[in-house]
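Participant: Sending over a structure as structure tokens; questions will come in a sec.
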Amino acid sequence: FRRGLPVLSLLLWLCAVYFVGIYLFVGGFLLVRLEVNRTSTCGDVLHPGEEPGDFCRAQPRFRRAVVLIIDALKIDFARFDPSNTAPRPYENKLPVLEENVSSKPLQSRLYPFRADPPTTTMQRIKGFTTGSLPTFVDVGNNFASSAILEDNLIHQFGQMGKRVVFMGDDTWESLFPKKFYRSLPFPSFNVKDLHTVDNGILQHLYTTMVGDDWDILVAHFLGVDHCGHRYGPDHPAMADKLTQMDGVIRSVIDRLQNDTLLVVMGDHGMTDTGDHGGESQKETDAALFLYSPSPIFQAPLSQNEPDVVPQTDLVPTLALLLGTPIPYSSVGQVLLPLFSPHQQTEGAVGGLSQLEALWINAKQVNRFLETYSSMAKDIPPESLSQLKEEFARLSAEYFTSVKEGRSPSPHLASSLQAYLTSVRDTCRATWARFNPLKMAAGLAILASACLMCFVMSELSLLLLRENASGLKAPVAVALTVGVCAGAAQLLTRGYIEAAWCLAACAFGSEIPFFWRACRLKTPAVSKNGAKPLKLSRWLTPRHLLVPPLVVPLLRCASLLSDSYVIAEGRVVTFLVLSLVLYIPIHLNWNDLLLPQSLDPLKSAGLLPSPILSPSTVRKESNTLLACFGVLIGIMYLSLSFHGCREEQGFCQPSPFLSPLSRLQDSQVKNLYYILSVISLGICTYLLRHCLCHYGNLNSSSGTVFTAHWILPLLSVCLALHWAVSATPEDSFRKLAELIRMAQLALPRAAFCLLGLGLGLIWLDPVTVFVKSRTSASSRSSALPLPRYRASTGISPQAELRHLIPQIYQRMRRSLDPGELSGGTEADNRPTVEAYGLGTVYSAPVLLFCGMLGIGLLLLHPEGMALSFLLLLLEMGALLHIHASSTTLSGMHGAQSGDFNVPWTTVVVWSLAVTQFFHATGHLPTFPSIQWGAAFVGFPDGHTGTILPALLVTLNTFASHILFAVSCPLLLFWPLVRGSRSGEEGEDAVMEMRLRENPQQFSSALLQLSTRYLFILGAQVFSSVCAAAILRRHLMVWKVFAPKLMFEALGFLVSSTSLLIGVTLVLRVDMAVGRWFKRLIPDASR
């Protein structure tokens, strides 16, 4: 392990530099807008000439309010179409709304209620209680809600002495701690639980309403939202849940008093698959129903009614109707139909006219604008001055009309509305606050990290040769520069910002590396007689603009196009296929794909003969082309598992993305289940067959135990879990408790088996079975050191099929007792047959990845088993293509100690990550996140947020994890498949060649890892550039910012997984070294 420590330390350092760059840029790009922590008071809401306090002492229009929030109540659910004779499960299930709107037009209204994205519950609660607009980064707080510090309706109600009673979604408790007179929260995160929250509310709702110990009653139902997440809107369970909500609304209306206002609202909508979080119209358009037993509207529904009500408009409307000041930071606009068109005589707040309400609203918004602009300088000065001039003009006109006692101009109300709309639009456009300095520093660090990765990949051997000082110099410089940066901040600012200290450390650590790289003394002539390239010559267009690097370069440039990001899944599939096609074309161009014709000069010995025989060339070429054909089929089938973005129009998402529990046709459900189980069985069989083929299942190590027992048991647990999860809750009522226990126990048993299996592989990774035979004459004498040979099977029949041809005859003679005294065994040394030694490195890595893949499949819908099978097959096809091309490319004298993996293979491997990110149903959008993964094994929910976040991350980035952990297989597979003995008498074969060349082994491992990190880092750098350059683009928050977040998180997951894979290889190497010490104590390597 000490030999691999430089490799691991260099990779850790590289990843740390990348992480700092990402952290800096994201910190400058996704800043939360400045919150104005000021509170409105009664004295702020004044009519011209009135005394302070009049507003709050006046009788409000309504004394009480009941707010029913039906989570995800989209406007389509609320509408009623009597001509629809065959409604879908979500249609015509809330007739109570239409009945009241049509029969009581002066008492009720139904509006589309438009949310501002992101359409997640926490942001929506924040929006319709503060009246402010959320920022993009707030979406990250949805499951770690922190208290709202801005002025809000709940705070204002409390300041006025109103008793606010809450029941429902426990998110409110974390947003408004200790703000409620009485609170009945219920756990909200378990999306599979449709009834706990709703039934808990219904146990207390009606008894609370008939009592007299409340003024504001807030009830937040979650059943409709959870039903959408679990089944989608087009499911009978949705019809049942909406019908239940219809009954709830009827019962509440029957219990209302004349001085009470009823508000029924949805916080957001949902897509056709039941998801939300984005900004499509299906996600943003909820329903708003207003009702009171006494008339609240001055006229029936007319053309002057608003077509859509923004959610922020509810805040000033409720505040003025209930006699409280409008929250300080609200940018909402009062809903005018709820106010009288003309001045009222009673002078109470209930008598506010539309113009008076607009004036109070505009005055509050202008006050906020002045305060905010004095604290933050992000609003453009031109827009700010125009808004101030417009308010001054409107204010003068309003004051003049009031002083003169005449009616204001009829256009004044529309001008005030236009002013309020302009303020909101200006705030929405400018509340993406950026820190250009941090963004630039992050870009610079990422760019230098990519360059450092490239240089390290080209100088890996030289760096390891001269790594005597290790990372002492970079670490020392980094700490020195970081301390200086912190001291400078302390002196100039009086405080230290950690981000700039980290940036200084990152830049400081890179300086000694580049200085060393430029001064490295390269050997005059390399092993194959060619002159080595200097560092400066590697960075020339001639060496950079080659097809393997041009393809990722074009992809990175394409990330600046929103059309490319939208269609990325299919484009990347095409790029993978194109780059794989380049491999045989390049081989054929160099006359390496087909056997060469017989040359008389070569026969006479005047020219060097090819190393590979024509039959070997034909075999490898056929293997390469056959795998290419298989790859085409895999890629075509992988397109069947893609999801759909909102922008993709007529795209239909894959039916395999829906859990079996959503399917209503039992025959289709059974067919999908059988296909999933067959796919799982094939994956398990292929893993075991591959290990058995190379003789890795003959020993008694922990890894072999995992392959023999834990792997099949894990697959059985997974298949049973799918069967239980697909069983409808009401199918077996007598077995309901047993099914519930199975839903809890089976996935947890699978998690335990997975952890046990991975732990055994890590602790005991050597899969070698030793078999020793000695001659009778030598048994009693002191024996010399044994020689080891790698074997792939244990029976003579298996050896006939699988042994390496060049050493088969000698190994066969060694197994024959009659021939022990002669031939190659005349020296009386015992022959040691080490079965599985030739694949001692790749076997544990392969099994580790296979176990990990089945564990990650547990977090996906059942239909994704087919996609995971395709992923496994594509991995195998790419490895075989790489091995065959490496063998064919070595026809003219590849050095035995050269284990480098070419750029083409690394680029294809990295592109396959993105291909299967889409082929497992994922998209770089927040609505596509498969939240159900958080409840696999935890159907009753979680007490914290770390574990569910981890499960969702593992689900989302499964392809990143699998390809990164298995990346070292690219180094081993050419040795496994294309192995041949070296010079006569050399026994080191297959992966044992790595132990014969330890320095080249470490160099190749470092080069492979840094090349992989370079490609991933370049993708992150391109996404960062796109977000920085297009930060004012129309699609930045819809396309580029989510893409940046997914690329950054994907890099974090991939780099961590790569480090795990490299560490596993080093762990195997250490275990193999110990195995040799036990076998050959006095001559261990």
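Participant: By how many nm would the segment from GLU99 to LEU686 grow when fully extended, if each residue of separation counts as 0.36 nm and the alpha-carbon distance is taken off?
Facilitator: Values: separation 587, 0.36 × 587 = 211.32 nm, distance 6.20 nm.
Taking GLU99 through LEU686 to full extension adds about 205.1 nm, to one decimal.
Participant: Please give, to one decimal in nm, the separation of the simple spin-label points placed at LEU594 and LEU581, each 7 Å out from Cα toward the Cβ.
Facilitator: 2.0 nm
Participant: Something else now. For segment 201-244, what does the alpha-carbon gyration tensor say about shape, rounded, prolate or oblate, given a ≥ b ≥ c as the root eigenvalues, a/c under 1.5 as rounded, and a/b over b/c as prolate? List each step's numbers first, then the result.
Facilitator: Details: a/c = 4.53, a/b = 2.88, b/c = 1.57.
Since a/c reaches 1.5 and a/b is larger than b/c, the shape of segment 201-244 is classed as prolate.
Participant: Would you kindly derive the ³J(HN,Hα) couplings of segment 119-131 from the backbone phi angles with the Karplus curve 6.51 cos²θ - 1.76 cosθ + 1.60 (θ = phi - 60°), listing them in order in whole Hz, with x for Gly and Pro?
Facilitator: Each residue's phi maps through the Karplus curve to give 8, 10, 4, 4, 5, 6, 4, 5, x, 8, 10, 9, x Hz.
Participant: Over segment 986-1058, average the accessible area per residue using a 1.4 Å probe and give it in Å², no decimals. All intermediate terms of the calculation are to be shown ahead of the outcome.
Facilitator: Working: 1910 Å² over 73 residues.
Ligands and nucleic acids excluded, the figure is 26 Å² per residue.
Participant: Check which residues have an amide H placed less than 5 Å from ARG163's amide H, if you skip close sequence neighbours.
Facilitator: Correct list: ASP215, ILE216.
Participant: Under the Karplus relation 6.51 cos²θ - 1.76 cosθ + 1.60, θ = phi - 60°, what is the ordered set of whole-Hz ³J(HN,Hα) values for segment 328-336, x standing for Gly and Pro?
Facilitator: Karplus-based 3J(HN,Hα) across segment 328-336 equals 4, 8, 5, 10, x, 10, 4, 7, 4 Hz.
Participant: How far apart, in nanometres, would the label points at GLU382 and ASN670 be if each is projected 7 angstrom from Cα along the Cα-to-Cβ direction?
Facilitator: Roughly 6.9 nm, to one decimal.
Participant: Tally up the carbon and sulfur contribution to the accessible surface of segment 389-490 as a whole percent, 1.4 Å probe, everything protein left in place.
Facilitator: Working: 3040 of 4710 Å².
After summing per-atom areas, the C and S share lands at 64 percent.
Participant: Mind giving me the nanometre distance, one decimal, between the label points for GLN999 and VAL630, set 7 Å out from Cα along Cα→Cβ?
Facilitator: Here the modelled spin labels are 3.8 nm apart.
Participant: If you don't mind, another one. Would you please give the residues with an amide H less than 5 Å from that of SER183, counting only those at least 5 places away or on a separate chain, with H modeled from the backbone geometry?
Facilitator: Distant-sequence amide H within range of SER183: PHE166.
Participant: Karplus couplings for segment 168-185 from phi (6.51 cos²θ - 1.76 cosθ + 1.60, θ = phi - 60°), rounded to Hz, Gly and Pro as x?
Facilitator: For segment 168-185, the Karplus-derived couplings read x, 3, 6, 4, 4, 4, 6, 7, 10, x, 6, 9, 9, 5, 8, 9, 10, x Hz, x marking Gly and Pro.
Participant: From the cross-link list LYS93/LYS669; LYS74/LYS363; LYS126/LYS179; LYS74/LYS126, which pairs have alpha carbons spaced over 23 Å apart?
Facilitator: Working: LYS93/LYS669 27 Å; LYS74/LYS363 33 Å; LYS126/LYS179 15 Å; LYS74/LYS126 18 Å.
The pairs that break the limit, which is 23 Å between Cα atoms, are LYS93/LYS669; LYS74/LYS363.
Participant: Now for a different question. Using a 1.4 Å probe on the protein heavy atoms, what percent of the accessible area of segment 612-697 belongs to carbon and sulfur? Mind showing how you got there, number by number?
Facilitator: Details: 2890 of 4460 Å².
Roughly 65 percent of what the probe reaches on segment 612-697 is carbon or sulfur.
Participant: Check SER353: other-chain or 5+ apart residues with amide H under 5 Å from its amide H, H built from backbone geometry?
Facilitator: GLN344
The values are calculated or read from the model by the stated rules, or taken from the named source; none is laboratory data. All values derive from a computational prediction rather than experimental measurement. Glycine gets a Cβ as well: all are built from the backbone with ideal geometry, and neighbour counts include every protein chain shown. The protein model used for the area step is the full one, side chains on, heavy atoms only, and it has no ligands, DNA or RNA in it. Shrake-Rupley method; radii C 1.70, N 1.55, O 1.52, S 1.80 Å.
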